[in-house]
Amino acid sequence: MQGPTLTGLQNLDYNLRFGVKSISLNPDEEAHRGRSWGKDFIPAEGPLGGAFDMDLLQRMKDECDKVGMWMEAFRMDSGYIVLKDPSDQDKKLDQICENIRKTALVEVHIISQHWTMIPIRRNGTAPGRGDAVYTTFKLERDWKSLPEGMAGHVTYDEYWERIEKFLKRVIPVCEEYRVAMANHLYDPPGLPLGYEGVGNFDSPFHLHGI
């Protein structure tokens with residue numbers, strides 16, 4: 001990123017010079033730029049945070065429109081999937097649905113979201129092209145002894161119950177506002193069931209077309 005914000009003139013001009021004509025943003029992360037944001041796609045305020053600010057969305061759209069950059073998509077956090085209490089889940093789903101409505105108001109029609117209970121894992125490095133260094137992951141031999149993560153103990157069936165609740169509540173709202181919902185790939189894929197206490201769901205990339 002060039003400059004203080006993703007939709008600032010300095011960053012947009014830099015991308016346009018290299019032929020980049022569309023941009024995907026995390027509005028909540030952008031709202032906290034320059035301050036501490038949460039880790040592993042969790043908002044700074046915790047899993048129940050992450051409400052989109054309409055004034056910020058409009059400002060980002062205006063800045064993109066001014067230089068001819070297409071604000072193509074938004075990314076949401078993964079707070080919902082780690083919530084255990086059904087009432088907290090309902091509050092978060094209400095927020096997600098409101099985020100979808102706000103997304104449509106600024107003419108963005110794609111949202112990608114996460115069902116990430118296990119943080120992105122990296123435990124090594126490897127040389128890459130042009131003297132770059134890549135981060136890597138190799139399954140630990142003692143992975144069964146790893147402590148539970150932020151989500152605690154979650155069975156495979158519990159994971160799917162939360163996913164089903166999400167789909168039944170959110171997808172009709174996507175259809176109402178003509179916003180496509182994408183599920184971001186889990187990284188790394190293929191973690192064994194029970195890793196950090198979670199019966200992990202490896203999502204295939206899927207775009208719910210409208």
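Whether a residue is in a loop (DSSP other than H, G, I, E, B) and modelled with pLDDT of 90 or more was assessed, and Leu12 does not pass this test.
On the stretch given as region 108-131, residues that are out of contact with any strand residue (DSSP E or B) (no Cβ under 8 Å at 6 or more places or on another chain) and either assigned to a helix (DSSP H, G or I) or modelled with pLDDT of 95 or more (or both) total 3. Of the numbered criteria (1) under 21 Å from the mean Cα position of the chain (by Cα); (2) at pLDDT below 90; (3) not aromatic (Phe, Trp, Tyr), the one Thr7 fails is (2).
For region 121-164, a tally of residues being in contact with a Pro (Cβ under 8 Å, 6 or more places away or on another chain), farther than 11 Å from Val198 by Cβ and not basic (Lys, Arg) returns 5. The set of residues in region 154-186 being surrounded by 13 or more Cβ atoms within 10 Å (Cβ to Cβ) and assigned to a loop (DSSP other than H, G, I, E, B) consists of Thr155, Val179, His184, Leu185, Tyr186. Gly68 falls short of the stated requirement of being under 16 Å from the mean Cα position of the chain (by Cα) and touching a residue at least 12 places away in the same chain (Cβ under 8 Å). Taking (1) under 23 Å from Phe166 (Cβ atoms); (2) without any contact (Cβ under 8 Å) to a residue 40 or more places away in the chain; (3) not hydroxyl-bearing (Ser, Thr, Tyr) in turn, Pro4 satisfies each apart from (1).
The values are calculated or read from the model by the stated rules, or taken from the named source; none is laboratory data. Predicted, not measured: the structure shown is a model, and the values here were computed from it. A quick note on method: Cβ atoms are made from the backbone with ideal geometry, for glycine too, and the neighbour counts reach across all protein chains shown.
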